[in-house]
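Since the structure comes first, as structure tokens, the remarks are kept for the end.
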């Protein structure tokens with residue numbers, strides 16, 4: 001079964017003119033950053049059909065005559081073809097928004113040949129575009145979407161009326177980014193997501209992680225300062241991180257902290273998969289009076305070296321003795337080598353600096369290069 005990339009044109013392949021949205025002269029033509037190199041990579045390494053799907057409002061009317069459209073469009077197509085980027089089909093709708101034409105995105109009238117066709121795997125296909133209507137088109141086709149915007153609010157339900165095109169589309173959008181390089185990485189190397197549920201007689205923990213996220217966090221452990229520290233990992237690491245913990249805090253904080261560390265470490269280990277193309281190593285952070293260094297290696301061998309002392313029994317509602325225990329459990333479950341050193345006077349700064357340094361080190365270590373998609377080891381396996 002064939003898979004398809006249904007690709008929008010204006011705002012996706014080429015920059016959409018901000019004044020009248022009509023690309024009707026060469027002076028307005030500008031290709032989107034990284035689009036040519038990324039699409040050339042996708043075309044040469046993956047087996048997707050390429051289908052252009054674009055609304056060109058009123059094309060052929062006096063306000064948008066064809067003689068101003070086709071020279072620019074043909075130049076776009078020739079330029080892409082010269083880099084090995086050819087389209088199996090080009091679908092152009094000329095109607096106006098007020099026409100409510102069945103062929104106008106997000107409606108599927110131009111794409112009926114793919115719907116219900118046993119030769120196509122729409123569930124494994126993607127719509128790539130820069131508007132919520134492109135994401136809605138994906139939903140109408142039964143595929144997923146890649147949104148060339150990093151504003152996910154476009155996908156949330158409307159609060160002041162309007163069409164379905166402006167909301168409730170989070171489950172359809174597989175990736176939201178302004179970076180075409182990230183699109184190529186996502187399609188070639190796949191998602192790095194994982195979910196872990198850990199249930200014992202002492203804790204009930206659910207964690208969802210997207211390594212290639214945007215730093216969106218939703219964390220509730222029952223310990224405010226612990227939540228704040230875990231959020232540093234997501235925010236500064238660029239990971240989407242959801243953590244829900246029900247622990248026996250009526251006993252003390254120990255089980256909640258330890259089991260969260262074990263579940264989070266396991267979640268990271270699962271999400272990273274084979275680690276192919278990954279940097280593997282990371283290090284970093286200063287925070288005011290504190291110097292915090294975290295060096296790590298996702299090499300598959302757990303080890304913790306800890307060099308940090310605290311003079312206070314607690315920071316917030318978290319015992320300082322539990323930080324060593326947290327990082328030991330975390331490094332064991334993630335199968336990572338972790339060295340932590342912190343110096344300074346303010347205990348809050350010192351602890352927060354450690355978590356921020358960990359996040360920055362992880363962000364560095366998980367970075368992937370699809371152009372050198374090899375295991376970062378001479379052993380052949382990590």
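Looking only at segment 223-250, count every residue that is over 16 Å from the mean Cα position of the chain (by Cα) and either over 19 Å from residue 323 (Cβ atoms) or modelled with pLDDT under 95 (or both) and tell me the total.
4
Of all residues in segment 55-69, none that is outside the structural domain of residue 110 (by TED's automatic domain parsing) has its Cβ atom under 6 Å from the Cβ atom of a residue that is surrounded by 13 or more Cβ atoms within 10 Å (Cβ to Cβ) and part of a loop (DSSP other than H, G, I, E, B), 6 or more apart or on another chain. Give the residues of segment 266-284 that are touching a helix residue (DSSP H, G or I) at 6+ places or on another chain (Cβ under 7 Å), assigned to a helix (DSSP H, G or I) and surrounded by fewer than 23 Cβ atoms within 10 Å (Cβ to Cβ), sorted by residue number. Scanning segment 266-284 gives 266, 269. Taken over segment 286-315, the criterion of being within 32 Å of the chain's Cα centre (by Cα), surrounded by 14 or more Cβ atoms within 10 Å (Cβ to Cβ) and not in a strand (DSSP E or B) is satisfied by 298, 299, 300, 302. Within segment 203-222, the residues that satisfy the criterion of being in contact with a strand residue (DSSP E or B) (Cβ under 6 Å, 6 or more places away or on another chain) and either at pLDDT below 95 or farther than 10 Å from residue 244 by Cα (or both) are 203, 209, 210, 213, 216, 217. When residue 332 is tested against (1) under 28 Å from the mean Cα position of the chain (by Cα); (2) closer than 21 Å to residue 256 by Cα; (3) surrounded by 21 or more Cβ atoms within 10 Å (Cβ to Cβ), only condition (3) is not met. Looking at segment 344-358, is at least one residue buried (at least 16 other Cβ atoms within 10 Å of the Cβ), touching a strand residue (DSSP E or B) at 6+ places or on another chain (Cβ under 6 Å) and not in a helix (DSSP H, G or I)? The answer is yes; a qualifying residue exists. Consider residue 42 carefully, then state whether it is in contact with a helix residue (DSSP H, G or I) (Cβ under 6 Å, 6 or more places away or on another chain), part of a helix (DSSP H, G or I) and assigned by TED's automatic domain parsing to the domain that holds residue 132. Yes. Within segment 49-67, the residues that satisfy the criterion of being more than 21 Å from residue 131 (Cβ to Cβ) and not in a loop (DSSP other than H, G, I, E, B) are 49, 61, 66, 67. Can you spot a residue in segment 140-147 that is assigned to a loop (DSSP other than H, G, I, E, B) and in contact with a strand residue (DSSP E or B) (Cβ under 8 Å, 6 or more places away or on another chain)? Among the residues of segment 140-147, at least one is assigned to a loop (DSSP other than H, G, I, E, B) and in contact with a strand residue (DSSP E or B) (Cβ under 8 Å, 6 or more places away or on another chain), which makes the answer yes.
Residues satisfying the criterion are absent from segment 232-254 (criterion: out of contact with any helix residue (DSSP H, G or I) (no Cβ under 8 Å at 6 or more places or on another chain) and in a helix (DSSP H, G or I)).
Results for (1) crowded, with 18+ Cβ neighbours inside 10 Å; (2) within 23 Å of residue 27 (Cα to Cα), shown as yes or no for each residue.
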site	(1), (2)
59	yes, yes
78	no, yes
83	no, yes
86	no, no
90	no, no
96	no, no
100	no, no
111	yes, no
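The values are calculated or read from the model by the stated rules, or taken from the named source; none is laboratory data. Just so it is clear, the structure is predicted and the values come from calculations on it, not from any experiment. Neighbour counts run over all protein chains shown; Cβ positions are idealised from the backbone, glycine included.
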